[in-house]
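Worksheet: one structure, shown below.
The values are calculated or read from the model by the stated rules, or taken from the named source; none is laboratory data. In this text the structure is predicted, and so the values were computed from the model without any measurement. Here Cβ is always computed from backbone atoms with ideal geometry, including for glycine, and neighbour counts include all displayed protein chains. Areas reflect the complete protein model, heavy atoms only, side chains present, ligands, DNA and RNA absent. Shrake-Rupley method; radii C 1.70, N 1.55, O 1.52, S 1.80 Å.
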Amino acid sequence: MRELREAIREHQFELYYQPQLDVDGVLVGAEALVRWNHPERGVVSPIEFIPLAEQNGLILGLGHEVLELGLEQLKKWQQVPHYRSLKLSINLVPEQFYEDGFAKSLEALLTEREIDPKLLMLEFTESTLLDNLELARFNMQQLSEIGVHFAIDDFGTGYSSLTYLSQLPLDMLKIDQSFVRNIGVNVKDAAIVRTIIDMAYTLDMSVLAEGVETEAQRKFLLGHGCTLYQGYLFGRPVPVDRFEAAWAVSAVKSV
Ligand code: C2E
Ligand code: CA
Ligand code: CA
């Protein structure tokens with residue numbers, strides 16, 4: 001816990017970036033995924049340290065660091081013609097989303113740094129939304145007015161209340177990787193995938209499948225109208241220099 005506090009103070013966190021592609025395999029976005037470069041243990045997974053940070057009251061500090069690093073990268077990409085229209089997805093924990101003045105301070109940060117809010121996609125889970133639906137609505141409305149986008153992460157694993165889906169300015173559903181993994185294995189999970197895609201269409205939202213690892217999964221998703229893809233089949237999360245090296249010659253398109 002002392003180590004984690006030091007890590008925040010000493011900026012031992014780094015964002016890795018994972019590509020998001022459209023149906024033609026064109027790069028349209030990236031998801032920022034945090035890693036801890038531990039001085040002795042090497043790269044530590046967020047699955048290990050995020051729960052620790054949550055238990056020890058350090059999650060807000062970590063969340064601020066992630067947002068800071070993400071916005072810094074977004075600003076850089078916005079200035080490079082090749083990456084100018086690349087969208088960046090950043091994950092938020094509930095503590096961060098419900099912090100006093102969250103929407104106002106994020107808006108101020110974007111204005112101050114001249115970052116196009118339309119390039120920013122904030123991801124959170126359904127349970128984050130349902131913690132405080134009223135405040136969620138308030139924050140989302142304020143931010144969506146300036147152009148910030150919102151995605152529901154791990155969609156299908158939570159509450160999936162259709163009421164909230166139609167009442168909030170949501171832009172994207174991210175199909176949880178547990179369903180994608182079972183395409184071709186479990187007919188019920190494949191049916192859930194189809195239902196989520198249809199639901200996104202009905203609600204006028206985009207839909208992204210995460211954890212796409214095989215060509216068979218991609219084909220199934222494509223056949224059922226999924227428009228966006230993320231997973232090891234296209235690229236793992238990597239540090240920014242490797243991300244840029246991998247996508248240097250590919251087309252980047254805005255959606
Ligand atoms: P997530 O937001 O659902 O992120 C997707 C996770 O799936 C990432 O794990 C990614 O590396 C992994 N993944 C991507 N494609 C594939 C695939 O094809 N196959 C498999 N098996 N896995 C794939 P990662 O980076 O370890 O992150 C785990 C979780 O930690 C994230 O799940 C998210 O909930 C949380 N997290 C990561 N970075 C951040 C962050 O910056 N802020 C917050 N609040 N949470 C974060
Ligand atoms: Ca995510
Ligand atoms: Ca997810």
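Taking amide H positions as modeled 1.01 Å from N, with prolines and chain starts lacking one, the residues under 5 Å from His38 and 5 or more places away or on another chain are Val43, Val44.
With contacts taken as Cα pairs under 8 Å at a separation of at least 6 residues, the stretch 1-145 carries a relative contact order of 21 percent.
Taking all Cα-Cα distances within the stretch 1-66, those exceeding 13 Å account for 65%.
Here is the list for the stretch 216-248: chymotrypsin sites (Phe, Trp or Tyr not before Pro) lying in DSSP coil, each with at most 13 other C-beta atoms within 10 angstrom of its C-beta, are Tyr232.
Neighbours of Leu222, meaning other residues whose beta-carbon lies under 13 angstrom from its beta-carbon, give a summed charge of 0 when Lys and Arg score +1 and Asp and Glu score -1. Counting only protein heavy atoms and using a 1.4 Å probe, what share of the accessible area of the stretch 24-78 belongs to carbon plus sulfur, as a whole percent? Of all accessible area on the stretch 24-78, carbon and sulfur atoms account for 56 percent.
Pairwise alpha-carbon distances in the stretch 16-142 exceed 21 Å for 45% of all pairs.
Across the stretch 56-204, Cα-Cα pairs farther apart than 18 Å form 60% of the total. If both residues of a DSSP beta bridge must be in the stretch 1-147, then about 60% of such bridges are antiparallel.
Evaluated with a Cβ-only charge set (Lys, Arg +1; Asp, Glu -1), the chain carries a dipole of roughly 640 debye about its Cα centre, given to the nearest 20. For the chain, adding -39500 (n - 2.57) for each run of n ≥ 4 DSSP H residues and dividing by the number of residues yields -13000 deg cm²/dmol at 222 nm.
Compared with the alpha-carbon gap, the fully stretched path from Leu222 to Arg236 is longer by 3.0 nm at 0.36 nm per residue. Across the stretch 90-240, C-alpha contacts under 8 Å between residues 6 or more apart give a mean separation that, scaled by the residue count, equals a relative contact order of 17 percent. Tally Lys and Arg at +1 and Asp and Glu at -1 over the other residues with C-beta under 10 Å from the C-beta of Pro39: what net charge comes out? Charge balance in the 10 Å sphere: -3.
Using a probe radius of 1.4 angstrom, the carbon and sulfur fraction of the accessible surface of the stretch 100-255 is 53%.
Simple spin-label estimate for Leu130 and Ser105 gives 2.8 nm between the two label positions (7 Å along the Cα-to-Cβ direction from each Cα). All Cα-Cα distances of the stretch 99-158, cut into 10 Å bins from zero to the largest, leave 21, 53, 23, 3 percent in each bin in turn.
Amide H contacts under 5 Å for Gly29: Gln20, Lys87, restricted to partners 5 or more places along the chain or on a different chain, H placed in the peptide plane at 1.01 Å from N. Derived from the Cα gyration tensor, the three semi-axes of the equivalent ellipsoid of the chain are 27, 22, 20 Å, largest first. Could you compute the FRET efficiency for His82 and Glu114, with r as their C-beta to C-beta distance and R0 at 22 Å, rounded to 0.05? That gives a FRET efficiency of 0.70. Span-like helix check, the chain: qualifying full DSSP H segments, with Cα axial length of 27 Å or more and mean Kyte-Doolittle of -1.0 or more, are 59-78.
At a probe radius of 1.4 angstrom, the accessible area of the stretch 125-197 per residue rounds to 45 square angstrom. Electrostatic tally near Val193: other residues with Cβ closer than 13 Å to its Cβ, Lys and Arg +1, Asp and Glu -1, net +2.
Exposed loop positions in the chain were taken to be GluC sites (Glu not before Pro) whose DSSP state is not H, G, I, E or B and which have at most 13 other beta-carbon atoms within 10 angstrom. Between these positions, the longest stretch is 115-255.
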